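The values are calculated or read from the model by the stated rules, or taken from the named source; none is laboratory data. Note that this is a predicted model, so its numbers are computed, not measured. Reconstructed Cβ throughout: ideal geometry from the backbone, glycine too, with neighbour counts over all protein chains shown.
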Amino acid sequence: MYRKVVLFMNMEKLRRDYGNVLWAGKKNILGLPISFTRYIITDTSLYTKIGLFNIKEDEIELYRVFDKQISFTLFQRMVKCGTITLMSKDTDTPAKLLISVRHPREVKRILDEAVKIQRDKYYVRGRDMIGADCGHDIDIDQDFVE
C-alpha cells in the first residue's frame, strides 16, 4: 500500500513537471532500478535525466524519431530487461540508448504509438526517408549541361 502511494505521488510530480506522462522508468543495474538515470516518455517527447546532485536532462521530440531497435544481452534476458536504441533527426543526439529498461517490448510499443501520433500530427511521413530510392534513373539531357 505504501509503495503504491509513493509511486502515485511521484507520477503526479512527473505530470506536473512534464505534462502527459505515458511511461517513466529507470536504468536497471543487476535487475534493480538503483541507477540515477531516469527515462520519461510523454505524449510529445522523450526525456533522459542523469545524475543525483548535478542533473543533466536531454530531450528528443518524438516526431524526429525514425528508427527503433531492441537488443538483449544474456544477463538482461535473465532479469527481463533490454536496451532500446532510437535513431532520430535530433542534432545533438542522433542516437539515444535507453539502457537496461524493464519490459522493453512494452516500452517500445508505447514509443511506437506515441511516435506515430506525433508524426501524423506534424505530417512528417515522407521527409524522414533516408537514402530513399524511387527506382527512377535520372538521365541528364546534354543540351541543358554546358
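Strands (runs of 3 or more DSSP E) wholly in the stretch 18-70 with at least 3 residues that are within 11 Å of the chain's Cα centre (by Cα) and of a type outside the set (Lys, Arg) - which ones?
Numbers: elements: 21-26, 37-42, 45-50, 56-61.
In the stretch 18-70, the matching strands (runs of 3 or more DSSP E) lie at 37-42, 45-50, 56-61.
Does GLN118 meet the test of being out of contact with any Pro (no Cβ under 6 Å at 6 or more places or on another chain) and either more than 16 Å from LEU22 (Cα to Cα) or among the hydroxyl-bearing types (Ser, Thr, Tyr) (or both)? Can you show your working first?
Working: out of contact with any Pro (no Cβ under 6 Å at 6 or more places or on another chain): yes; either more than 16 Å from LEU22 (Cα to Cα) or among the hydroxyl-bearing types (Ser, Thr, Tyr) (or both): no.
So GLN118 fails the test.
Where residues in the stretch 30-77 are among the aliphatic types (A, V, I, L, M) and free of Cβ contacts under 8 Å to residues at least 24 places away in the same chain, which of them is farthest from ASN10 (Cα to Cα)?
If we take residues in the stretch 30-77 being among the aliphatic types (A, V, I, L, M) and free of Cβ contacts under 8 Å to residues at least 24 places away in the same chain, then LEU74 is farthest from ASN10 (Cα to Cα).
Would you point out which residue out of PHE53, PHE72 is of a type in the set (Phe, Trp, Tyr), at pLDDT 95 or above and on the phi < 0 side of the Ramachandran plot? Before the answer, list the steps.
Details: PHE53 fails: at pLDDT 95 or above.
Step by step, each of PHE53, PHE72 is checked, and only PHE72 is of a type in the set (Phe, Trp, Tyr), at pLDDT 95 or above and on the phi < 0 side of the Ramachandran plot.
Applying the selection to the stretch 9-28, what residues are surrounded by 14 or more Cβ atoms within 10 Å (Cβ to Cβ) and not basic (Lys, Arg)? Step through it out loud before you land on a result.
Our first condition is that a residue be surrounded by 14 or more Cβ atoms within 10 Å (Cβ to Cβ); within the stretch 9-28, this holds for 14, 18, 21-28.
Those that are surrounded by 14 or more Cβ atoms within 10 Å (Cβ to Cβ) and not basic (Lys, Arg): LEU14, TYR18, VAL21, LEU22, TRP23, ALA24, GLY25, ASN28.
Output the qualifying pairs, or none if there are none: Cβ atoms under 6 angstrom, residues six or more apart or on different chains, first residue in the stretch 88-111 and without any contact (Cβ under 8 Å) to a residue 24 or more places away in the chain, second residue surrounded by fewer than 15 Cβ atoms within 10 Å (Cβ to Cβ).
LEU97/THR85
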